[in-house]
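All remarks here apply to the structure that follows.
The values are calculated or read from the model by the stated rules, or taken from the named source; none is laboratory data. The model shown is predicted, which means the values in this text are computed figures rather than measured ones. Cβ sites come from the backbone with ideal geometry, for glycine too, and all protein chains shown count toward neighbours.
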Amino acid sequence: MFKTNITRTGFVLLGAIIALSACRKRPDVSLPDNLVTFESSAQGLASTENSISVKIKLSRGTDKDIPVTISVTPQNAVYGTDFTTTPATNASGQIVVTIPSGNNEASFTVSKVPGVLYDGNEKIVFGLYSSASPILIGSSKEFSLTFAELVATSASATIDGGGAAFPNKVFIDLSANRQVPVLRTNWDLGFYTGPDYRVILNSSTGMMAKQIAKNDLSQVTAADTIGFSADVVFSQFAPTTTSLAYIDYPDGDLTKTAIAAVSATATDNKVYIINRGSGPGTPAVERGWKKVRILRNAAGGYTLQYADIAAATFSSVDISKEDAYFFKYVSLSTGAVSVEPEKKKWDIAWTYFSNVTNFGTGEVPYLFQDIILQNRNVSVAKVMVTTKAYADFGEADLSTLTFSSIQTAIGSDWRSGGGPGTAPSVRTDRYYIVKDGDNNYYKLRFTALTQNGERGYPAFEVTLVKRGG
């Protein structure tokens with residue numbers, strides 16, 4: 001047994017050595033420059049549109065407000081006579097937009113002046129003129145707005161999925177170079193506007209629906225749902241083939257939805273118990289359960305009846321069919337809501353999704369990140385780079401392809417990995433040819449799965465192969 005005798009000076013020296021050692025082991029971490037850019041390089045303002053929102057984005061959020069000055073250069077258009085902006089231009093003819101602390105984007109609005117007739121050759125070029133320190137102006141520093149429908153010849157974009165929690169479903173119009181992010185918890189049911197009477201679930205929240213034998217909503221109680229919490233639910237750890245019947249099959253076939261076709265005979269339309277799934281978050285936020293019944297109404301649309309499971313009364317909302325859309329949407333919390341754009345104003349969508357997989361005993365429901373869906377008027381073909389390089393693919397090659405109209409033709413095929421112990425990544429050995437609702441053909445390839453290492457911001461590029469007639 002012995003004693004140590006370390007003086008105060010020794011403690012100080014020892015502390016200095018430990019501190020120096022710790023400093024040497026800790027690498028200097030310097031974040032990349034935080035850049036401000038336009039979300040896209042060009043868009044069109046169609047004759048049917050009165051205004052458009054233009055986004056500017058930072059590489060990442062900051063802890064202070066960031067004012068950004070934007071130059072405005074009209075061509076064949078006059079500010080105040082043909083168009084205005086919100087916020088308005090200052091004395092120098094510039095727009096100042098502030099990106100709030102904690103955010104990574106802001107926007108300004110361009111509006112047509114009511115009553116003005118446009119020739120289609122009007123154009124405004126917006127430029128990123130200056131930004132507050134420490135923000136630098138990125139390479140995508142110019143945005144062109146044309147007062148006519150745009151058919152983009154090439155574009156690249158980062159999808160605004162909202163981050164690693166995947167809060168958004170994002171609808172993308174390739175020809176207009178435009179995307180519309182929508183919170184995926186904003187709705188529950190979609191009502192088909194075509195000739196059939198079909199209803200879809202919100203597949204981006206893991207919704208499920210199970211029919212019961214009753215057709216009077218007020219007679220349904222909690223006793224009718226016994227056992228449902230183990231059956232009508234996504235289980236990532238022990239999924240079952242039984243639960244497959246309670247989701248919409250992922251290929252988009254409307255004859256394979258969890259809710260049966262709505263009958264013209266009211267008594268045939270049974271009550272469904274709805275598990276609304278979950279929203280983003282760790283742990284995921286459960287959205288609860290509802291009971292619903294859906295009927296046809298005298299106006300040719302739908303009537304939705306809905307309530308909490310134990311409620312003796314119910315709410316009701318009518319949904320009309322509108323030809324401009326494929327589906328009209330309802331939230332079981334707030335009623336009718338706007339979700340997807342008009343049918344000709346989106347081509348593909350990126351989303352969290354209720355998919356299926358086979359672990360060896362048959363297909364089971366399985367929640368999946370980063371699915372690409374296509375609109376119902378869009379078809380897709382896959383091309384391997386070993387067959388034809390992306391840069392070399394041209395109009396003459398279209399005749400060699402076989403196109404698919406199922407909504408998951410791209411699906412998860414564009415990325416690999418993501419299972420236990422494997423990091424997901426973009427597949428660079430393939431790209432896709434997309435035929436949109438106006439018969440434009442685009443070649444599309446994905447270029448990134450993340451932005452600054454964060455999931456929920458995949459990137460792609462497209463090039464026009466053949467313009468529709």
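On the stretch given as region 388-411, residues that are part of a loop (DSSP other than H, G, I, E, B) and either farther than 27 Å from PRO250 by Cβ or of a type in the set (A, V, I, L, M) (or both) total 8.
Of GLY411, GLY394, all but one fail to be among the small types (Gly, Ala, Ser) and buried (at least 20 other Cβ atoms within 10 Å of the Cβ); the exception is GLY411.
Within the group THR98, THR193, THR185, THR109, which residue is hydroxyl-bearing (Ser, Thr, Tyr), closer than 14 Å to GLN43 by Cα and at pLDDT 95 or above? Reasoning before the result, please.
Details: THR98 fails: closer than 14 Å to GLN43 by Cα; THR193 fails: closer than 14 Å to GLN43 by Cα; THR185 fails: closer than 14 Å to GLN43 by Cα.
Of the residues listed, the single one that is hydroxyl-bearing (Ser, Thr, Tyr), closer than 14 Å to GLN43 by Cα and at pLDDT 95 or above is THR109.
Look at (1) in a strand (DSSP E or B); (2) at positive phi and you find that LEU373 fails only one, number (2).
For region 384-396, filtered to residues that are touching a residue at least 12 places away in the same chain (Cβ under 8 Å) and farther than 17 Å from ASP436 by Cα, the residue that is farthest from the chain's Cα centre (by Cα) is THR386. For the residues VAL151, VAL233, the requirement of being in contact with a helix residue (DSSP H, G or I) (Cβ under 9 Å, 6 or more places away or on another chain), modelled with pLDDT under 95 and part of a loop (DSSP other than H, G, I, E, B) singles out VAL233. Restricting attention to region 72-101 and to residues that are among the hydroxyl-bearing types (Ser, Thr, Tyr) and closer than 24 Å to GLY120 by Cβ, the residue that is surrounded by the most Cβ atoms within 10 Å (Cβ to Cβ) turns out to be THR85.
Rundown of residues vs (1) of a type in the set (A, V, I, L, M, F, W, C); (2) in contact with a strand residue (DSSP E or B) (Cβ under 8 Å, 6 or more places away or on another chain); (3) farther than 30 Å from LEU444 by Cβ, yes/no style:
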position	(1), (2), (3)
PRO87	no, yes, yes
VAL96	yes, yes, yes
GLY102	no, no, yes
GLU105	no, yes, no
PHE108	yes, yes, no
VAL113	yes, yes, yes
ASP119	no, no, yes
SER144	no, yes, no
PHE147	yes, yes, no
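In region 243-267, the qualifying residues are those that are surrounded by 11 or more Cβ atoms within 10 Å (Cβ to Cβ) and more than 29 Å from the chain's Cα centre (by Cα), and the one that is nearest to ALA311 (Cα to Cα) is ALA266. Of all residues in region 418-453, those satisfying the criterion of being touching a residue at least 60 places away in the same chain (Cβ under 8 Å) and either loosely packed, with under 13 Cβ neighbours inside 10 Å or farther than 27 Å from GLU105 by Cβ (or both) are GLY437, ASP438, ASN440, LYS443, ASN452.
Residues in region 378-385 include at least one that is in a loop (DSSP other than H, G, I, E, B), modelled with pLDDT of 90 or more and surrounded by fewer than 19 Cβ atoms within 10 Å (Cβ to Cβ).
Going by the conditions given, is THR422 under 20 Å from LYS169 (Cα atoms), in a loop (DSSP other than H, G, I, E, B) and not acidic (Asp, Glu)? Break it down stepwise before answering.
Numbers: under 20 Å from LYS169 (Cα atoms): no; in a loop (DSSP other than H, G, I, E, B): yes; not acidic (Asp, Glu): yes.
Criteria not met by THR422.
Residue by residue, here is whether (1) in contact with a strand residue (DSSP E or B) (Cβ under 6 Å, 6 or more places away or on another chain); (2) without any contact (Cβ under 8 Å) to a residue 12 or more places away in the chain holds:
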| site | (1), (2) |
| --- | --- |
| PRO181 | yes, no |
| PRO195 | no, yes |
| GLN211 | yes, no |
| SER218 | no, no |
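Of note, VAL426 satisfies the criterion of being within 27 Å of ALA164 (Cα to Cα) and not small (Gly, Ala, Ser). Cβ separations smaller than 8 Å between residues 6+ apart or across chains give no pair from region 246-260 residues that are on the phi > 0 side of the Ramachandran plot to residues that are buried (at least 19 other Cβ atoms within 10 Å of the Cβ) and modelled with pLDDT under 95.
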